[in-house]
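Note sheet for the following structure.
The values are calculated or read from the model by the stated rules, or taken from the named source; none is laboratory data. The structure presented is a predicted model; accordingly, all values stated were derived computationally and were not measured. Counting neighbours? That spans all protein chains shown, and the Cβs are built from the backbone with ideal geometry, glycine included. What goes into the accessible areas is simple: the full protein's heavy atoms, side chains included, and nothing from ligands, DNA or RNA. Shrake-Rupley method; radii C 1.70, N 1.55, O 1.52, S 1.80 Å.
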Amino acid sequence: MLYLFTFFKKEIMLILHDITYIHPNRDLLFAGIDLVVNKNDKIALIGNNGTGKSTLLKILAGNLQPASGVVKTGSKPYYVPQIFGQYNAFSVAEALQIDDKLNALKQILEGNVTDENMTLLNDDWAIEERCQEAFIHWQLKDIDLSQKMDTLSGGQKTKVFLAGIAIHRPEIVLLDEPSNHLDNSSRELLYNYIQSTNNTLVVVSHDRTLLNLLTTVCELSKRGITVYGGDYDFYAEQKMMESDALNQDVRSREKALRKAKETERESVERQQKLDARGKKKQEKAGVPTIMMKTLKNTAEKSTSKMKGVHAEKTDAIAQELSQLRTRLPDIDKMKMGFDNSALHKGKVLITAKDLNFGYRDQELWTSPLSFQITSGERLAIKGANGSGKTTLIKMLLGSLKPQSGTIERAAVKAIYIDQDYSLINNKLSVYEQAEEYNSGVLQEHDIKIRLNRFLFTKEYWAKSCSALSGGEKMRLMLCSLTISNQAPDMIILDEPTNNLDIQNIEILTAAINDYQGTLIVVSHDEYFLKEINVEQEILIR
């Protein structure tokens, strides 16, 4: 393997061989991971939350050491992290690890031409110009290199690290959820980079639009890494075929199990009839009592043996069926069952005319908003980061009054679900949270059945909601809505896919498509908006 890397180092950029990672608490995350990435490959690394995608990316970046295995890279990778809190005390230059080089350039230009400064600069005389060009490209022209990272928004922090690609000029780029905090215009810049670059890319993302720009999908699971030679749509098609085949196998095994149980029952009944008929013949023939007992024991042993053979066959089929069911995608195990809204389609719910809001006597929107929302509609609120989408939501919900214009709202039951799922009470257990939405119609065992449908097994019921992941909170929120006796007339979702993996996005998509009421969504995820059939939009500037 090492010789292969040396010989082909111009072609192979990354090698992972038999990688194992163990958490500091000694829990095994993954083992036996193998991956080869060639020059100019554009790889999507996907998998459910908790499988270790971000950890594997950090191992590739050299920021984490595996417990065992070999990591080889053709050149030093450039890494764009998902979480930036560790950089808050740093300046932008320090976060990008160019502060020493910039300081050396400054010292040299001031006449302090030392060997140390020349070594630090490494003939990179254009470093300042590259920084300026990269920041302008990524819409960061007002950001100063000496500015502290904690003064920046999430989207700005992401773009600082994306700008670092042009500054450092690496051959290998590792991206961890790069579109999470980006608005539409910034996402377009990211998509254009991915399409046009010759860099070798490994990208962890749940953004399906982005994933369709990559040429290979690698799925990380408990079984290791499975490579699918195509974009995300190709991967999804292959997974659907696998799922269909698996469901067919499940149905086949279910049918075989029913048949085996029926055959067992029929065989036992037939044997019992034969034994009874034989006993009557023996009694009629006057067989001695001691011989009758011997024959009876023989018959019972024969019946018991036959039962054992059938039970063994039935148990084998049942075990196969159980194993097949564990491989079913979670979404196939869930039942949504949302009630319909009580409102008839087309009823006017909200009418807004010349709507605007102001901070410090300055109007928020250059163009006042006028629109109407009717029952059963699905629409998106779109605008750049900081354009006032959350302000508009508060007006729609009645918690904020406009400073100019009018908004009229019908009496409707509306639920606002933000990206942190704040409707979940972290002080409650999973069962207590579900019970909060019970109108008294469901008994305890009914609630637990609903929880099971949404993948909350017995082990979860007493677990604190504060310990749930974003995806788990989303599923508990959906479960709670199905427990409620009346579905909401309107659901407002604020960036619902930001903290979810692909599996949970698919679960959310299925639930939303099962909902018949009015839906308002704030999202930069165009793929998601298309999947949930959003056809109208309110554009704010």
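Some points to look at:
- Here Glu472 clears all of (1) under 16 Å from the mean Cα position of the chain (by Cα); (2) touching a residue at least 24 places away in the same chain (Cβ under 8 Å) except the condition numbered (2).
- Filter result (of a type in the set (A, V, I, L, M) and either more than 18 Å from the chain's Cα centre (by Cα) or farther than 30 Å from Gly346 by Cβ (or both)) within region 475-502: Leu476, Leu481, Ile483, Ala487, Met490, Ile491, Ile492, Leu500, Ile502
- The residues of region 421-439 that are out of contact with any strand residue (DSSP E or B) (no Cβ under 9 Å at 6 or more places or on another chain), surrounded by fewer than 17 Cβ atoms within 10 Å (Cβ to Cβ) and part of a loop (DSSP other than H, G, I, E, B), listed by number, are Asn425, Ser439.
- When Ala411 is tested against (1) at pLDDT 85 or above; (2) closer than 21 Å to Pro496 by Cβ; (3) not in a strand (DSSP E or B), exactly one condition is not met: (2).
- Check on Asn25, part of a helix (DSSP H, G or I) and open to solvent by 70 Å² or more (accessible area, probe 1.4 Å): no
- Residue check: Ile172 meets all listed conditions (1) touching a helix residue (DSSP H, G or I) at 6+ places or on another chain (Cβ under 6 Å); (2) surrounded by 19 or more Cβ atoms within 10 Å (Cβ to Cβ); (3) of a type in the set (Val, Ile, Thr) but one, namely (1).
- Applying the set (1) crowded, with 22+ Cβ neighbours inside 10 Å; (2) at positive phi; (3) not hydrophobic (A, V, I, L, M, F, W, C) to Glu495 leaves exactly one unmet item: (1).
- Filtered by the rule that a residue be in a loop (DSSP other than H, G, I, E, B) and of a type outside the set (Gly, Ala, Ser), region 207-242 gives Asp207, Asn212, Leu213, Leu214, Thr215, Lys222, Arg223, Asp231.
- Selection status of Ser146, out of contact with any Leu (no Cβ under 7 Å at 6 or more places or on another chain), farther than 14 Å from Pro81 by Cβ and surrounded by 21 or more Cβ atoms within 10 Å (Cβ to Cβ): no
- Verdict on Ile449 being within 25 Å of His524 (Cβ to Cβ) and of a type in the set (Val, Ile, Thr): no
- Residue satisfying condition, being open to solvent by 40 Å² or more (accessible area, probe 1.4 Å) and within 30 Å of Lys382 (Cβ to Cβ), within set Gln139, Gln238: Gln139
- Filter result for Ile98 (in contact with a Cys (Cβ under 8 Å, 6 or more places away or on another chain) and either under 28 Å from Thr158 (Cβ atoms) or charged (D, E, K, R) (or both)): yes
- Failed condition for Asp446, given (1) without any contact (Cβ under 8 Å) to a residue 40 or more places away in the chain; (2) in a loop (DSSP other than H, G, I, E, B): (2)
- Taking the conditions (1) more than 28 Å from Tyr21 (Cα to Cα); (2) open to solvent by 40 Å² or more (accessible area, probe 1.4 Å) in turn, Ile167 satisfies each one other than (2).
- Among the residues of region 466-492, those that are among the small types (Gly, Ala, Ser) and open to solvent by 10 Å² or more (accessible area, probe 1.4 Å) comprise Ser466, Ala467, Ser469, Gly470, Ser484.
- Counting only helices (runs of 4 or more DSSP H) that sit wholly inside region 106-197, those with at least 2 residues that are over 24 Å from Gly62 (Cβ atoms), free of Cβ contacts under 8 Å to residues at least 12 places away in the same chain and not hydrophobic (A, V, I, L, M, F, W, C) are 127-137, 184-196.
- Scanning region 443-453 for residues that are under 11 Å from Leu476 (Cα atoms) and either loosely packed, with under 12 Cβ neighbours inside 10 Å or at pLDDT 90 or above (or both) turns up just one, Leu451.
- Taken over region 41-62, the residue count meeting the criterion of being open to solvent by less than 30 Å² (accessible area, probe 1.4 Å) and either in contact (Cβ under 8 Å) with a residue 40 or more places away in the chain or more than 19 Å from the chain's Cα centre (by Cα) (or both) is 14.
- Number of the condition not met by Phe90 [criteria: (1) open to solvent by 50 Å² or more (accessible area, probe 1.4 Å); (2) free of Cβ contacts under 8 Å to residues at least 24 places away in the same chain; (3) closer than 30 Å to Thr151 by Cα]: (2)
- Within region 361-404, the set of residues being in a strand (DSSP E or B) and open to solvent by less than 70 Å² (accessible area, probe 1.4 Å) comprises Leu369, Phe371, Ile373, Thr374, Arg378, Leu379, Ala380, Ile381, Lys382, Ser404.
- Tally of residues being within 22 Å of Asp525 (Cβ to Cβ), polar (S, T, N, Q) and under 16 Å from the mean Cα position of the chain (by Cα) across region 213-234: 0
- Index of the failed condition, Gly440 passing every other in (1) at pLDDT below 90; (2) among the small types (Gly, Ala, Ser); (3) under 28 Å from the mean Cα position of the chain (by Cα): (3)
- When restricted to residues that are in contact with a strand residue (DSSP E or B) (Cβ under 6 Å, 6 or more places away or on another chain) and either open to solvent by 10 Å² or more (accessible area, probe 1.4 Å) or at pLDDT 95 or above (or both), region 351-360 contains 4.
- Filter result (over 17 Å from Ser54 (Cβ atoms), in contact with a helix residue (DSSP H, G or I) (Cβ under 8 Å, 6 or more places away or on another chain) and open to solvent by 10 Å² or more (accessible area, probe 1.4 Å)) within region 198-219: Asn199, Thr209, Asn212, Leu213
- If you go through region 101-145 and keep only what is within 19 Å of His168 (Cβ to Cβ) and of a type in the set (Gly, Ala, Ser), you end up with Ala104, Ala126, Ala134.
- For beta carbons closer than 6 Å, sequence separation of 6+ or different chains, a first residue in region 63-86 that is open to solvent by less than 50 Å² (accessible area, probe 1.4 Å) and a second that is acidic (Asp, Glu), the qualifying pairs are Gly69/Asp18; Ser75/Glu171; Pro81/Asp176.
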